Amino acid sequence: MTNLLRPLSLMLLLAGLLCACSAESDIEEATSATNPDSAELLHEALESYFELQLERNPLWATFLGDHRFNDRLAITIAPEYIAESLAIERSYLERVEAIDAASLDDADRLSREIFLRERRHAIAGAAFPAHLMPISQFRNMGNTMAQLGSGQGAQPFAKAEDFDAFISRMVDFSRWVDQAMANMREGMIKNVVQPAILMERVLDQLAAHSGPAADTLFARPLKTLPETLTADEADALRQRYLAAIDEVLIPAYGTLHDFIRDEYLPAARPTHGMHALPNGQDWYSWLVKGTTTTKLTPGQIHDIGLAEVARIHDAIREVMVEVEFEGDLEDFFTFTASDPRFYVEDPADLLAAYEALRDRVEAELDNLFDLTPEAGYEIRPVEPYRERSAAGASYMRPAADGSRPGIFYVNTYDLSARPLWAVESLFLHEAVPGHHYQIALQQEQTDLPRFRRFGGNTAFIEGWALYAESLGRELGLYTDPYQYFGMLNAELWRAIRLVVDTGVHLHGWNRDEVLDYMFANSSVGRARAVAEAERYMAIPSQALAYKVGQLRFLELRQRAEATLGDAFDIRGFHNLILRNGALPLDVLEAEVEAWIKTRRPRDEV
């Protein structure tokens with residue numbers, strides 16, 4: 001085992017220093033020889049930063065389809081790695097700040113502005129010790145390794161070298177586990193620990209990866225070994241791969257499981273919000289700023305959520321009138337949550353309902369869009385080992401090189417919590433024209449700097465997906481009033497998130513208070529409510545992005561329509577939004593305002 005270890009941190013440090021020295025040398029030579037303009041200096045800095053991040057974050061590279069670093073798993077939670085990261089952020093901030101924005105064209109000025117915002121936010125975040133809480137049921141490196149090692153994810157297993165690369169990554173995972181336990185022990189001393197209930201969920205996830213090695217999901221890639229191998233080569237590969245699972249991977253999962261059970265859980269906190277952490281309110285405010293890319297405070301967002309819940313309730317009451325339902329809102333929630341007509345008993349039937357929407361939606365897309373992603377997508381069930389704590393659906397971006405499609409994951413666990421009236425809106429959100437459409441298009445915009453092609457912010461990405469749900473009627477969907485209710489219910493859920501995320505982290509609500517608010521204001525089933533409540537506890541502020549982003553998209557569209565009247569072009573509006581990638585929301589607003597001005601009649605400008 002030890003002979004497989006690499007001094008990764010030292011390698012990363014040397015690579016970062018060499019990259020920085022090389023980049024500085026290149027700039028000095030170019031300046032003395034050709035006096036490059038500001039645009040060239042900017043492009044060099046942005047590409048240098050991106051390339052450095054790929055090497056320092058090899059998992060990210062793998063998910064992007066860059067397989068140069070498939071044998072590595074950076075220990076990003078190690079103190080030396082964190083210190084290096086902060087130094088790099090400061091160095092590139094200074095480097096790009098020195099480039100004169102006035103000498104750049106509009107596209108480069110936009111890239112410069114976004115890059116500087118991201119660096120400043122990252123530097124501000126160094127004040128908060130997130131590395132002391134490196135694992136939760138939603139952010140669990142054990143789950144990531146399982147997705148990769150199953151043979152169904154981003155990690156390739158096409159040749160013998162791919163198997164050996166993952167063996168090396170297994171060893172790094174073992175080192176990651178050691179560092180995670182050291183960090184959590186430090187967190188226990190400093191009172192920076194996770195809620196106990198979340199770590200109970202983690203135990204179940206880790207326990208799913210016990211031996212024997214041949215029966216684990218990590219052995220699945222061995223079922224399709226490369227055909228180019230001889231029988232002896234295949235047997236040798238199979239033996240060393242199973243040995244690595246047995247001697248490295250399974251013990252790492254077991255060690256982490258037992259540490260959490262025996263040491264960490266007794267020290268984990270009974271509270272559920274960030275308010276209970278040292279400097280927790282400032283930490284939460286920093287997260288909210290980064291998530292929403294707005295100046296909205298957590299308190300303002302809480303109030304917006306309350307107002308949106310009330311508005312959407314009124315819209316649902318209109319549906320109740322349309323379907324001639326007798327009873328109040330709570331009765332309607334109970335009816336839609338329990339009537340058998342809205343549910344299936346076989347997971348295959350739920351997956352088929354989503355598949356049936358492909359052609360229907362794509363036939364109408366030309367009415368709203370004339371940009372189309374080249375990458376395709378698949379619809380898959382969430383894997384059994386994580387389905388109990390996973391969200392109802394999720395999306396994984398396609399590989400940029402075309403080697404892997406986008407994946408729309410549907411959670412088929414507890415079908416009594418997966419109503420059919422949610423199918424149309426969820427499809428629009430996760431697939432087309434939501435996440436798949438926007439993310440695939442973004443990374444296919446090769447004229448954008450790579451940090452924009454493959455980056456972005458949650459408010460834009462999730463806000464766009466929720467906005468995409470509102471396009472259902474324009475795409476020929478929601479003809480069934482119950483499907484339209486499904487859209488309203490999904491929007492209601494995102495409004496509820498504004499209330500409960502800020503409720504738990506700002507106002508100190510506990511999990512039961514969050515659940516009570518959910519049950520009182522929606523038709524949610526208990527399994528989903530519990531998973532969602534614990535999600536907000538595990539990844540604070542992320543749930544705010546959906547509604548904050550959607551409201552901004554709707555506001556900008558309404559503003560453009562009202563200003564331009566008959567001159568408004570919905571396809572041009574959508575092109576403007578999608579071709580620039582996931583912009584911060586206030587930057588997006590400025591771009592839309594400029595677009596409106598170029599389309600106003602001259603006598604109105």
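What follows is calculated from the coordinates using simple rules that are stated; it is not laboratory data. Just so it is clear, the structure is predicted and the values come from calculations on it, not from any experiment. We place every Cβ from the backbone using ideal geometry, glycine too, and count neighbours over all the protein chains shown.
Just a few scattered comments:
- Sparse packing (at most 11 other Cβ atoms within 10 Å of the Cβ) combined with a DSSP loop state is found for the following GluC sites (Glu not before Pro) in the stretch 224-328: E227, E324, E326.
- Pairs of lysines in the chain whose Cα atoms sit within less than 29 Å of one another amount to 7, provided the residues are eight or more positions apart or on different chains.
- For E491, net neighbour charge (Lys/Arg +1, Asp/Glu -1) across residues whose Cβ lies under 11 Å away: +2
- Relative contact order [Cα under 8 Å, 6+ residues apart], the stretch 284-547, whole percent: 28
- Modelled spin labels at T479 and I123, positioned 7 Å past Cα toward Cβ, are 5.7 nm from each other.
- Taking packing as the residue-averaged number of other Cβ atoms within 10 angstrom, the listed peptides 204-213, 528-537 run from highest to lowest as 528-537, 204-213.
- In percent, rounded to a whole number, the relative contact order of the stretch 473-536 is 27, using alpha-carbon pairs under 8 Å and six or more apart.
- Estimated Rh, the chain: Kirkwood, alpha-carbon pairs, angstrom: 25.9
- E227 versus L371: modelled label distance in nm, points set 7 Å from Cα along the beta carbon direction: 4.0
- Largest-first ellipsoid semi-axes for the stretch 284-547, taking √(5λ) over the Cα gyration tensor eigenvalues, angstrom: 27, 24, 18
- Cβ-derived FRET efficiency at R0 51 Å, R68 paired with E561, nearest 0.05: 0.65
- Radius 11 Å from Cβ of M518, net charge of other residues (Lys, Arg +1; Asp, Glu -1): 0
- Remark: the D204-D569 segment gains 126.3 nm on full extension, using 0.36 nm per residue and subtracting the alpha carbon distance.
- With both labels modelled 7 Å from their Cα along Cα-to-Cβ, the A234 to R579 distance reads 5.1 nm.
- Based on C-alpha pairs under 8 angstrom that are at least 6 apart in sequence, the stretch 452-605 has a relative contact order of 38 percent.
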